Amino acid sequence: MTELIPAPRSVVAGSGEVRLTARSGLHAARGTEGVGQWLRTVLWQATGLPLREARELDDTDGDGIGLRLDPRLGPEEYRLVSDPGGVLVEGGSAAGVFRGAQTLRQLLGPDAFRRAPLRRDRVWAVPHVTVEDAPRFRWRGLMLDVARHFMPKEGVLRYLDLMAAHKLNVLHFHLTDDQGWRVEIRRHPKLTEVGSWRARTKIGHRASPLWDDKPHGGHYTQDDIREIVAYAAERHISVVPEIDVPGHSQAAIAAYPELGNTDVVDTASLTVWDTWGINPNVLAPTDDTLRFYEEVLEEVLELFPADAGPFSPFVHIGGDECVKDQWRASDTAQKQISNLGLADEEALQGWFIGHFHTWLAARGRRLIGWDEILQGGLAPGAAVSSWRGYAGGVTAARAGHDVVMCPEQQVYLDHRQAAGPEEPVPIGYVRTLEDVYRFEPVPAELTPEEAARVLGTQANVWTEVMEDQGRVDYQTFPRLAALAEVAWSALPAPEERDFAGFERRMTTHYRRLDALGVGYRPPTGPLPWQTRPGVLGRPIDGPPPNL
């Protein structure tokens, strides 16, 4: 019981166990049928037990599982009771029951996470225990960048399962960037015909002399996206798409050159970017550009419906790292500034972001963007992803905006996990498992009212130097397990957290990750095939700056 991750609010152990057998039943009361179908499927795969459909909770004969709603509990709150009467999981909603079902799976042991039984004569037992649990934060997320290196649909579905196993509930889906456009837009087919692939790819940091000369690309069809969203919803995960504007847009400009600043740059000669960094080629701040992205977003809203989860109304529009040099040199941009009566190029970006805030709000949706969107003013109702430290989140919360805390210095999982030279393609600051475990999402200087604006937190997985699933696994795990506990559990202050206890629980959790086929970084360091000798990274000496 003490090996659960994330740590529950309350665990009271009993003295016996509930043994699941070929006679055991599973009853899913009204409102929990989807959870019952999921649980029966994963347990049948791992155990070989059929878990017949029981008609009532008392039809489980003391060796079965019951699922039901309890309106007295919070939306994601659950209670799991394993006693001589069987196993009962109750939640305030189907999402709460699902979170409890994930705990049940952990109680059955690491082999409950396999896709086929290892032995047919295995005894499967749930210890007698009462677990009462609820999340600290509403938003518990993972930002997955599939623009820099494409992750096929099956890989995304796999990551949704990994998120669900850690009680995470938001997939921030980074679909577009300079290096690739990954979602089919039928009205503008060149976005994927041209923008979804590049001729070659930089290996390592942008200063590296190494190149992969094999074309790289891929995109999700609209039906792929619908499947991903539906698969996530079955696991009570909201998918928040990100369509980057006005920076990080060279792939779109390569497909439709008129989107760029044509009076400054020969945009017709641009291709999908093949290297990394901050790109100077940004969208032209024109009415035609706005119309184009409205047409894009019309299809995006249809693919990501607002009723697919509690955070499904959100649409992320990026807004970060928009270099203004082309706007300063562009007569078209300068005339737009004058016509709109704006002060400068920063205000022009504020106008650009504000337009889409209004456009989305008129359709019942909410805009969220990186903390640069605060520059030039931000309308009420918009939310902020605070990535450049705590400062953006503090400013946003004090201005009345909801905040997702994801500071680069703490929860960017592309950053290296140790200081040693064996770390593959070392990027950024050293962020160990303990560092992530001691991350505190709520800035200390916020008042209680301001702190209530912090929706939660997420880890960000940027994939410039993650060329395949194995690299993504290595950078993401085990640190995502620590972030999951930070987001879910009611932990004490960072300096008071029991990291030694977390490490002990991780010894069991590593076995769960093994069963799930996750290529995590071992606590002793990378395995030989996980290293990338000779590939240049961008390590930053010294500790991260004070947040």
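The condition of being among the acidic types (Asp, Glu) and either in contact with a Cys (Cβ under 6 Å, 6 or more places away or on another chain) or surrounded by 13 or more Cβ atoms within 10 Å (Cβ to Cβ) (or both) does not hold for residue 33. Check whether at least one residue in the stretch 522-535 is surrounded by 13 or more Cβ atoms within 10 Å (Cβ to Cβ) and in contact with a Ser or Thr (Cβ under 6 Å, 6 or more places away or on another chain), and report yes or no. No, the conditions are met nowhere in the stretch 522-535.
Only one entry in 341, 309 is of a type in the set (Gly, Ala, Ser) and closer than 30 Å to residue 94 by Cα, namely 309. A count restricted to the stretch 501-524 and to residues that are over 25 Å from the mean Cα position of the chain (by Cα) and outside any helix (DSSP H, G or I) stands at 1. Of the residues that make up the stretch 327-345, is at least one modelled with pLDDT of 95 or more, in the same structural domain as residue 222 (by TED's automatic domain parsing), surrounded by fewer than 18 Cβ atoms within 10 Å (Cβ to Cβ) and touching a Phe, Trp or Tyr at 6+ places or on another chain (Cβ under 7 Å)? Taking every residue of the stretch 327-345 in turn, at least one turns out to be modelled with pLDDT of 95 or more, in the same structural domain as residue 222 (by TED's automatic domain parsing), surrounded by fewer than 18 Cβ atoms within 10 Å (Cβ to Cβ) and touching a Phe, Trp or Tyr at 6+ places or on another chain (Cβ under 7 Å).
Among the residues of the stretch 446-469, those that are hydrophobic (A, V, I, L, M, F, W, C) and not in a loop (DSSP other than H, G, I, E, B) comprise 451, 454, 455, 459, 461. Quick check on residue 319: is it touching a strand residue (DSSP E or B) at 6+ places or on another chain (Cβ under 7 Å) and free of Cβ contacts under 8 Å to residues at least 40 places away in the same chain? Here the answer is no, as residue 319 does not meet what is asked. Against the test of being closer than 23 Å to residue 160 by Cα and of a type in the set (D, E, K, R), the options 497, 521, 538, 504 yield a single qualifying residue, 521. Among the residues of the stretch 417-424, none qualifies, meaning not one is in a strand (DSSP E or B) and either under 19 Å from the mean Cα position of the chain (by Cα) or not basic (Lys, Arg) (or both).
Which residue pairs have Cβ atoms under 8 Å apart, sit 6 or more places apart or on different chains, and have a first residue in the stretch 432-445 that is hydrophobic (A, V, I, L, M, F, W, C) and part of a loop (DSSP other than H, G, I, E, B) and a second that is at pLDDT 95 or above and surrounded by fewer than 21 Cβ atoms within 10 Å (Cβ to Cβ)? So the pair list comes out as 439/494; 442/451. Any idea how many residues of the stretch 279-294 are over 14 Å from residue 355 (Cα atoms) and surrounded by fewer than 13 Cβ atoms within 10 Å (Cβ to Cβ)? Total satisfying the criteria: 0.
The number of residues in the stretch 328-352 being part of a helix (DSSP H, G or I) and either among the hydroxyl-bearing types (Ser, Thr, Tyr) or free of Cβ contacts under 8 Å to residues at least 40 places away in the same chain (or both) comes to 12. Before we move on, is residue 312 under 20 Å from residue 287 (Cβ atoms), of a type outside the set (D, E, K, R) and out of contact with any Asp or Glu (no Cβ under 8 Å at 6 or more places or on another chain)? No, not satisfied.
The values are calculated or read from the model by the stated rules, or taken from the named source; none is laboratory data. Worth saying up front: this structure is predicted, and the values here are computed from it rather than measured. Every residue, glycine as well, gets a Cβ built from its backbone with ideal geometry; the counts of neighbours run over all protein chains shown.
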